[in-house]
Amino acid sequence: MPLLSGVLVLVFAMLSVLHLYWAAGGRWGWKAALPQVAGRKAFKPSAAATVAVAACLAGCAGLVVVLAGWWTLSLDRRLVAAAGYVLVAVFALRAVGDFKWCGFFKGVRGTAFARNDDRFYSPLCLLLAIGLFLVTAHFAKSGAHVGGNTRAFSIRDRHVSFGSVLLGHSTSLKGIRS
């Protein structure tokens, strides 16, 4: 799961940075990033809304970091797993779509956005949902009794480099305490 988790974190981080770029006024990729009606964008999100999307995507990356065990929080494990499953549903629903503008079953076709949505956006959302499901299921299954406590978890004295995380091992693990 470390490699999959790393890929998910990287994708979410890149998408977050792209949205921050757009919020700051960047235009690369902007024309095909929103649904279109009669050659015009169906809506124009504000910079604040775009920053909010970037923050949500960064939050997705953060949740994957926690699900992977690279960063721990003193939270109920079931709450963390539930958050993971909520994201699975969000990205799966985005892949299916709203039956009008976006998703595999959209009604509006023939625009630059619709073509990109069919080729890239919806398949990416489906892959993100599958990846999040696998990472969340692994988290829920493998960590049910960390430190003998099913509710809260924390790992202390753990030093991990990015390379060791991707390879699936830590350079130092002195103890697991609940």
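The values are calculated or read from the model by the stated rules, or taken from the named source; none is laboratory data. Source: prediction; values computed, not measured. Neighbour counts run over all protein chains shown; Cβ positions are idealised from the backbone, glycine included.
Just a few scattered comments:
- Number of positions in segment 1-33 that are of a type outside the set (A, V, I, L, M), more than 12 Å from the chain's Cα centre (by Cα) and part of a helix (DSSP H, G or I): 4
- Here is the figure for segment 58-78: residues that are under 17 Å from Ser142 (Cβ atoms) and in a helix (DSSP H, G or I) total 8.
- In this entry, Ala140 passes the filter for residues that are under 16 Å from Ser5 (Cα atoms), modelled with pLDDT under 95, crowded, with 17+ Cβ neighbours inside 10 Å and in contact with a Lys or Arg (Cβ under 8 Å, 6 or more places away or on another chain).
- Restricting attention to segment 73-98, the residues that are over 15 Å from Val135 (Cα atoms) and not hydrophobic (A, V, I, L, M, F, W, C) add up to 5.
- Of all the listed residues (Ala82, Ala89, Ala54, Ala112), the sole one being touching a His at 6+ places or on another chain (Cβ under 9 Å) and either within 30 Å of Gly25 (Cα to Cα) or modelled with pLDDT of 85 or more (or both) is Ala54.
- Scanning segment 34-56 for residues that are assigned to a strand (DSSP E or B) and surrounded by 13 or more Cβ atoms within 10 Å (Cβ to Cβ) returns Gln36, Lys41.
- Which listed residue, of Asp76, Asp98, is of a type in the set (Asp, Glu), within 22 Å of Leu127 (Cα to Cα), surrounded by 13 or more Cβ atoms within 10 Å (Cβ to Cβ) and out of contact with any Ser or Thr (no Cβ under 8 Å at 6 or more places or on another chain): Asp98
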